[in-house]
1. Quick one: which of 316-324, 335-343, 18-26 comes out on top by average Cβ neighbours within 10 Å, and what's the full order, highest first?
2. I want to check the label-to-label distance for residue 10 and residue 37. Put each point 7 Å from Cα in the C-beta direction and report it in nm to one decimal.
3. Can you order the peptides 372-382, 156-166, 431-441, 219-229 by their average number of other Cβ atoms within 10 Å per residue, highest first?
4. Given 0.36 nm per residue, what is the gain on full extension from residue 436 to residue 411 after removing their alpha carbon distance, in nm?
5. Compute, for the stretch 3-209, the length of the dipole vector about the Cα centre, with Cβ point charges of +1 (Lys, Arg) and -1 (Asp, Glu) only. Units Debye, rounded to 20.
6. Label residue 296 and residue 254 with points 7 Å out from Cα along Cα→Cβ: what is the distance between them in nm?
7. How many percent of the alpha carbon pairs in the stretch 206-285 exceed a separation of 21 Å?
8. Using 1/(1 + (r/R0)^6) with R0 = 30 angstrom and r between the beta carbons of residue 246 and residue 303, what's the FRET efficiency to the nearest 0.05?
Amino acid sequence: MQRRQVLTLIGYSAGLGLLVGLVAASFTWALYRSQELALGSFAGYLPPSYSGENGLLHTFRNPHPWTLLLLLPFVYAAASLLGHNRGLAKIIAAYHQGTKGTLREKLRYALGSLIELGAGSPMGREGPMAVLGDWMGDALGRRFLPRELAQHLPFAGLAAGFAAAFHAPVGGALLAVEIFFPGLVLAIASLGPALIGALAGFTAYGAFWGYEPLLSLEPPPPEWLDLGFALLIGALMAAVGTLLVYAVRAVRRASAGVPFVRRHALLGLEVALTAALLPQALGDGLVWVEMATSPILPLAFLVALAAVRTLFVGVVYGLGGYGAMIGPALALGGLYGIALARALPAIAPEPQTAALVGMGALLAGVVRTPFAATLLVSELGGYVILPLALPAIFVTYVLTPVQAFPEQNLTADSVPAEPFVGLRVGELTFAVEGLLADGRLVEVDPEYVLQEGDVLLLPSGGPVE
């Protein structure tokens, strides 16, 4: 690449990152306002907010008629009218098939996410932030740059969205180039633009929401005797990640054939029940990781919260809820890590350390991004965590047999339909050229509900070069 091209790419990546950071800051403001309106009005509950964004580590309850919770199914059903959940999974699929999403599709996804996340969904805000960044990068590149430079800008926009969501520009950049692949592969040519975009994006975002780490976790230097705990938590997170993904698949199978709007109404009913029984499970749960490092919260409550959130996230994601899996995976890993440390104090490190190790491990397992997981938890708690985080992350990565984004596997001519069983063909995030059912080639029908044993035949394509 010539020097002039390098300078051009640097300038566009930085400018794009600043724009995405401003959009992400606006989205965060709107999300907080929608939480105050929806959760405050319907559930009489406001969750704690991130200390890194000047939030309060307190919950607020006010008396309210419980019947207002029955409005939540209608809120979620209305959000579903904006379209299917075509967020990060759609971006991954589009990368492998050489296609692009439309502005309308991504704006509808972002608005649907704003409504559902504001109404208590346990999914992550990083989804809409990164999706909008990806679209802005694609649009800017196609309008102003030659193809060999334009192909890098979606990574810069994606990274800026991740950086803003997690207050982690380096981890966000690595996540943007690693999330497309299931195994130790990076879109390395785009790492430079991704880093520039992430740094610029967080610079703009932080001007409104602060530059501190998202959570206040300050682990002490670990002892080498804690290595056994790291290996144990790595194995535990592999089991939790496997359970979570299989819960998603089970919900999809159970809801096979149910119209999309009705699925979201059921999703809203699930949120309403959770709000009535355990409102602390509402939201992405990351703040509870920080709060759980205090000994004030009893171990029984932490175990119950982690278990309920595991089921809650599995049901919501399985029913097609808007938002991403990354934040919830970090939260679950942190909660289980702290619970295990409290249950086994003789061999465990400090709760802050256990939280960060569990967060990185579960993220690496279900999202298949061990490098990004390592950098994300290091930016949250400092690189002092590395001696325990690295072994735990790679133990979980090796032992976890499933993944939250099966679209990462769209590199062959065909893929088994097992991860998508229960979905209609028209709900898939990727194009299908043919379908093998019971070994016979059948016509592709958008209304066909995928069954166990089906094989999806993919069109020839490939990443956009």
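Here, each number is a calculation from the coordinates, and none is a lab measurement. Worth saying up front: this structure is predicted, and the values here are computed from it rather than measured. Cβ: placed from backbone, ideal geometry, glycine included. Neighbour counts: every protein chain shown.
1. So the peptides 316-324, 335-343, 18-26, ranked by packing, come out 316-324, 335-343, 18-26.
2. Result: 4.3 nm between the two label points.
3. So the order, starting with the most tightly packed, is 156-166, 372-382, 219-229, 431-441.
4. 7.2 nm
5. Dipole magnitude for the stretch 3-209 comes out near 500 debye.
6. Output for this residue pair reads 3.5 nm.
7. For the stretch 206-285, the share of Cα pairs beyond 21 Å comes to 62 percent.
8. After rounding to 0.05, the efficiency reads 0.90.
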